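These notes are about the structure you will find just below.
The values are calculated or read from the model by the stated rules, or taken from the named source; none is laboratory data. Remember, predicted model here, so these are calculated numbers, not experimental data. Counting neighbours? That spans all protein chains shown, and the Cβs are built from the backbone with ideal geometry, glycine included. Accessible surface areas use protein heavy atoms only, side chains included; no ligands, DNA or RNA. Shrake-Rupley method; radii C 1.70, N 1.55, O 1.52, S 1.80 Å.
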Amino acid sequence: AGLAFWILRRNEPAGVQFDVLAATDVPHRVGQHAAATRLDLETGSMRFRLASGATVDAASPVAIELLDSMRLRLLRGSVTADVGTDARGFAIETANARVVDLGTRFGISVGDSGDTDVVVFEGEVEIHNPGKAGPAETSVMSLTEGEAVRVDSKRKVKRLETVALRGDPPALAGGGKKRSALVASVTDNLGETGFHRFYS
């Protein structure tokens, strides 16, 4: 029995396990059960589901550390997560923020400057300071559907007015995607306090 267990364990892939749901121009194939501690996509895109039930869309260029089935660390690029109700509490960390899902679909992007953009497509997220979660931790702020903010390296939060999306349902465009040649940005004259809705 011990030998059989050792053989089975030895054949299990190392790292955080996930199932590949969609893949374009990446080493993984649709339907593959894989595991990794890091994903670096220089080309292509991939959708994968973690054991927690969270589904993540990643479009190149992107670098992601897989910490466990409930936590990712986004180093650069853009990801969109759909956690439904099963993976409530799923978190994506960056150098500037830790975004905790409350049952939703949201996107996070880390640009060349290191700023963290957070966009909520459905539901609600809480934004925390980066670092280890504690029992008495309080959120810096909450965002609901249609709201978006940018968190800079000093952890200053400001409204994000324009968001580049791809596909349907909405997902953040990858960092290397060319933006529209027709519309460069959109702004309005709304105040910062209590109103963070974005234009896509």
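Tabulated data for the structure shown
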{"item": "Simple Cβ-charge dipole of the range 22-152, Lys/Arg +1 and Asp/Glu -1, about Cα centre, in debye nearest 20", "result": "420"}
{"item": "Calculated from backbone phi, Karplus (6.51, -1.76, 1.60) coupling profile of the range 157-165 in Hz, x at Gly/Pro", "result": "9, 9, 4, 9, 8, 10, 10, 8, 10"}
{"item": "³J(HN,Hα) computed for each position of the range 99-108 - Karplus, 6.51 cos²θ - 1.76 cosθ + 1.60, integer Hz, glycine/proline x", "result": "9, 10, 7, 10, x, 6, 10, 9, x, 9"}
{"item": "Reciprocal of mean inverse Cα separation for the range 14-58 (Kirkwood radius, Å)", "result": "10.5"}
{"item": "Mean accessible surface per residue for the range 64-118, computed with a 1.4 Å probe while every protein chain stays in place, in Å²", "result": "33"}
{"item": "Förster radius 30 Å - calculated FRET efficiency between Ser200 and Val30, Cβ distance, rounded to 0.05", "result": "0.60"}
{"item": "Relative packing of 157-165, 45-53, which averages over residues the other C-beta atoms within 10 Å, highest first", "result": "45-53, 157-165"}
{"item": "FRET efficiency, Asn189 to Val140 (Cβ-Cβ, R0 25 Å, nearest 0.05)", "result": "0.45"}
